[in-house]
Amino acid sequence: NTSVCKAILIASWINTNVIASTHGDSTVQENLLPSVTKNDLALLISNLQHSLSRFSQQQNDKTGRGKENTQNKVLLSDAADKKRSLEVAAINSLEVALAGANCRQLLLGREGEQEGGAQAVGDIAHDYLKLFNVSLISEHANYGTAFLHCVISWSGLVQRPWQFYSVTQARTMISITKSAFTESLKLWGRRISKLETVFVKLAEADAEALLPGGLLVRAKELYEMALSESINIGKDADVSSSDETLDDDITRYILKAHSLRGLAQLQLRTNVEGSFAAAEANARGALESILLATKILEQRRQPMFTSTPDVFQSIVSKAIPYHLCLTRHCIAECLIMSDRLVDAQKFLEDSYRDFPNNSDAAFALGAFHLQRIQQTGKSQSNIDPPEKQAVNSILLKAAKLGSVNADPFALLGWWYELLGDRKRSLGCYSKALLLKPTHPVAGRGMVRLCIFPDVKVACKKAADSTSSENGWAWWALGRATSLEMGRDEVA
């Protein structure tokens, strides 16, 4: 059963594009084994889990007996050592196969859910990072696990990218994914599709653009390459139906929108003449693309999901509303930079109205209100009761919907601090630091509200990380070292 399960996963990976438009690229042959379905995956995962559990237990029993033999000074033969190495390799192969099957199941099922999806990505991140090492590249090439895991860990088309990864971890994952593609070509002749290529480029671009320590110049190059390559997806395929043509158009527009929005966000961070105007032009281009994708999706004669939905269909069904929401936020940010606050507020309110269960929509509108309050110098006493109630409701909703994200809790802590509610403020700051130990807003808030002994552990934890956002922790540690210990040279 184990061999059959592994063979099915290998065949499904090498014979089809897991991420591909409905009829695929011209490099994919016809009449080959289709992608496995949800029901297939449930049976495969059950069998693989049973085999792995049984095999691992046998290995542990042998390891225990081996320790007893070592204590009795009984030397294991070379044949026994070789057999044990083969058994370890078999366990590694089972683990990678099971990881690939679990990734497929998640992509076809729950990934786009606002709360459950993010939590599931976190579970995958913690469980399978150990599998990303050079020694297992051949196994990743067999089952496509590296690419599937990379797509889930990134999740940039349906939710906040790389939520549970540092830039170093993301780079490692992308590097092994590329190596696994090369190995898959050598082993099976499986070529990477154009769409898979663009996915990897966008994943790498988001890592460099959005994670602390990323290289913005490299991100710009990758977004531009993805934008150029996405235009040709599906154009050289033998199109057999109008619905297939529509699918390729939807794909191109979604990837174009993601690339343009990425470039716009980079331009907003570049303080040079004309950058804000260029950012707004790219953001509006992204909005135009995603609206076209929405219009085309509505014109489909058949539903997006068939009896055997592929990963592409699952992702696209969630990517359009997500990108529409974020693109509006990007345009609003451009308008804020140009002092067109009324127009910016309208974009954010439209997004919040259209996507009431989206944490990013609530967070963006809440952050806008806090920024206005801060800029006008309002305090607790001169904030209008209706405004106070509205801001409080929006921020609480953002925190509830995005309970795995530190940002809403950090802003909610700042809001309560402004209102003079120290207890709630500290609770929110603590929650934010629990989710992200280096969060600068939460960290500075804790340092402001607490005496140093109460935040010493949090400061040391943040300072021990390699994040570029932990300056507040070093400042607090240095100040305490100088004032309380009198050790200026250490400070």
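The values are calculated or read from the model by the stated rules, or taken from the named source; none is laboratory data. Every value quoted in this text rests on a predicted model; they were computed, and no experiment measured them. Positions of Cβ are backbone-derived with ideal geometry, glycine not excepted, and every protein chain shown enters the neighbour counts. Only protein heavy atoms, including side chains, enter the accessible area calculation; ligands, DNA and RNA are left aside. Shrake-Rupley method; radii C 1.70, N 1.55, O 1.52, S 1.80 Å.
Here the helices (runs of 4 or more DSSP H) wholly within the range 138-222 that include at least 2 residues being among the acidic types (Asp, Glu) and surrounded by 22 or more Cβ atoms within 10 Å (Cβ to Cβ) are 194-210.
Touching a residue at least 40 places away in the same chain (Cβ under 8 Å), part of a helix (DSSP H, G or I) and either of a type in the set (D, E, K, R) or open to solvent by less than 40 Å² (accessible area, probe 1.4 Å) (or both): is that true of Ala319 in this structure? Answer is yes for this residue.
Going by what's in this entry, would Leu411 be described as more than 22 Å from the chain's Cα centre (by Cα) and closer than 28 Å to Phe368 by Cβ? For Leu411, the condition - more than 22 Å from the chain's Cα centre (by Cα) and closer than 28 Å to Phe368 by Cβ - is not met.
Contact map, the range 122-146: residues that are at pLDDT 80 or above paired with residues that are not in a helix (DSSP H, G or I), Cβ distance under 6 Å, separation 6+ or inter-chain. Pairs shown: Gly144/Val18. Every condition in (1) surrounded by fewer than 17 Cβ atoms within 10 Å (Cβ to Cβ); (2) more than 23 Å from Arg261 (Cβ to Cβ) holds for Asp350 except the one numbered (2).
Take the conditions (1) more than 19 Å from Ala209 (Cβ to Cβ); (2) surrounded by fewer than 18 Cβ atoms within 10 Å (Cβ to Cβ); (3) modelled with pLDDT under 75; Asn271 misses just one of them, which is (1). Pairing each residue of the range 273-291 that is touching a residue at least 60 places away in the same chain (Cβ under 8 Å) with any residue that is assigned to a helix (DSSP H, G or I), provided the two are 6+ apart or on different chains, yields C-beta distances under 8 Å for Phe276/Gln267; Phe276/Leu268; Phe276/Cys334; Phe276/Met337. Of all residues in the range 439-455, those being surrounded by 15 or more Cβ atoms within 10 Å (Cβ to Cβ) and farther than 15 Å from Gly413 by Cα number 2. When the range 374-389 is limited to residues that are open to solvent by less than 80 Å² (accessible area, probe 1.4 Å) and part of a loop (DSSP other than H, G, I, E, B), the one that is modelled with the highest pLDDT turns out to be Ile383.
Could you look through the range 456-491, keep only residues that are under 25 Å from the mean Cα position of the chain (by Cα) and open to solvent by 50 Å² or more (accessible area, probe 1.4 Å), and pick out the one that is modelled with the highest pLDDT? Only one residue tops the list, namely Lys461. Remark: pairs (first residue in the range 213-229, farther than 20 Å from Trp162 by Cα and touching a residue at least 24 places away in the same chain (Cβ under 8 Å); second residue surrounded by 15 or more Cβ atoms within 10 Å (Cβ to Cβ) and acidic (Asp, Glu); Cβ separation under 6 Å; 6+ apart in sequence or on different chains) are absent.
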